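Before any comments, here is the structure.
The values are calculated or read from the model by the stated rules, or taken from the named source; none is laboratory data. Keep in mind the model is a prediction, meaning the values are calculated, not measured. Here the Cβ positions follow ideal geometry from the backbone for every residue, glycine too, while neighbour counts run over all protein chains shown.
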Amino acid sequence: TPIQNDLQEFYSLV
Amino acid sequence: MFEARLNAATTLKKVLDAIKDLLNEATFDCSDAGIQLQAMDNSHVSLVSLTLRSDGFDKFRCDRNLSMGMNLGSMSKILKCANNEDTVTMKAQDNADTVTFMFESQNHEKVSDYEMKLMNLDQEHLGIPETDYSCVVRMPAMEFARICRDLSQFGESVIICCTKEGVKFSASGDVGSANIKLAQTSSVDKEEEAVTIEMQEPVSLTFACRYLNAFTKATPLSNQVQLSMSADVPLVVEYRIPDLGHIRYYLAPKIEE
């Protein structure tokens, strides 16, 4: 089964 | 001094309904451009980005930029006290620790005000770059809500597969499997009933049903929804709020190990 990614894997905190 | 008025409380009620399942609290950033909110859900899987433009309000005044942290459960209790047709005004003084919601009936004979304590919330803003997406699908918002609801009976995940021919939503689990295909509409009488697909490259992505269903709480705000997708990046689900702004949801995809 595919695993759920965290949004912060894609976008960084500003 | 901050003051923002909408002639119908129903709009603000719908906006709150669209975010309160994902967020317990959120900061409303007010400036002379309008009201902005950006917040991730607790599990950091999805993000809500709300923009309400100042020119969409019936009256808008914001002398100094103001960040108002609100408990959305409390805000919901207060908005339940407004009739849909009431005028709603949000007011706060500069550096205030409360916000006031004032509701006025159409005949001006009933005026109520509710003061709510503001919260100091940690601001975690994500920088989201402008992106050219491989596929952009526009479809009736009600249809998208129906598809998410129907497919969530079959599995925890939905696979969205988009080609130039159409878009396919699939789910599978213990019961079996389900596939819903939508073709691009060739001609429609009403623009809001159209399904349109702009495709640079086909994409196939997997998302958690639970979040998609939460996003569809924004359905009453808009006739159409826009899904923007590229391989291995978050999905953007956008509802435009007529004459006022938009709400965008970002959802991290599920990826094979």
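Before moving on, here are some points about what is shown:
- Residue count for the range B:139-159, restricted to those that are within 14 Å of another protein chain (Cβ to nearest Cβ) and touching a Phe, Trp or Tyr at 6+ places or on another chain (Cβ under 6 Å): 1
- Residues of the range B:82-93 include at least one that is of a type in the set (D, E, K, R), away from chain A (no Cβ under 14 Å), surrounded by 14 or more Cβ atoms within 10 Å (Cβ to Cβ) and assigned to a strand (DSSP E or B).
- Applying the set (1) closer than 22 Å to B:Pro129 by Cα; (2) touching a residue at least 40 places away in the same chain (Cβ under 8 Å) to B:Leu12 leaves exactly one unmet item: (1).
- Matching residues, the range B:212-227, being in contact with a helix residue (DSSP H, G or I) (Cβ under 7 Å, 6 or more places away or on another chain) and hydrophobic (A, V, I, L, M, F, W, C): B:Leu212, B:Ala218, B:Leu221, B:Val225
- Among the residues of the range B:72-106, those that are touching a residue at least 40 places away in the same chain (Cβ under 8 Å) and among the polar types (S, T, N, Q) comprise B:Ser74, B:Ser76, B:Asn83, B:Asn84, B:Thr87, B:Thr89, B:Gln93.
- Selection within the range B:121-138 - away from chain A (no Cβ under 13 Å) and either aliphatic (A, V, I, L, M) or closer than 20 Å to B:Asp29 by Cβ (or both): B:Leu121, B:Val136, B:Val137
- Taken together, the residues in the range B:22-45 that are over 11 Å from the mean Cα position of the chain (by Cα) and either modelled with pLDDT under 95 or more than 17 Å from B:Met90 (Cβ to Cβ) (or both) amount to 9.
- So B:Ala178, is it under 25 Å from B:Phe154 (Cα atoms), more than 14 Å from chain A (Cβ to nearest Cβ) and buried (at least 21 other Cβ atoms within 10 Å of the Cβ): no
- Taking residues in the range B:243-257 that are within 14 Å of chain A (Cβ to nearest Cβ), and partners anywhere that are assigned to a loop (DSSP other than H, G, I, E, B) and of a type in the set (A, V, I, L, M), the pairs with Cβ atoms closer than 6 Å and at least 6 places apart or on different chains are B:Ala252/B:Val45.
- Residues of the range B:147-162 that turn out to be closer than 23 Å to B:Asn223 by Cα, touching a strand residue (DSSP E or B) at 6+ places or on another chain (Cβ under 9 Å) and not in a strand (DSSP E or B), as a count: 5
- Scanning the range B:44-81 for residues that are outside any strand (DSSP E or B), within 14 Å of chain A (Cβ to nearest Cβ) and closer than 15 Å to B:Ala26 by Cβ turns up just one, B:His44.
- Matching residues, the range B:1-29, being in a strand (DSSP E or B), of a type outside the set (D, E, K, R) and more than 17 Å from B:Asn71 (Cβ to Cβ): B:Phe2, B:Ala4, B:Leu6
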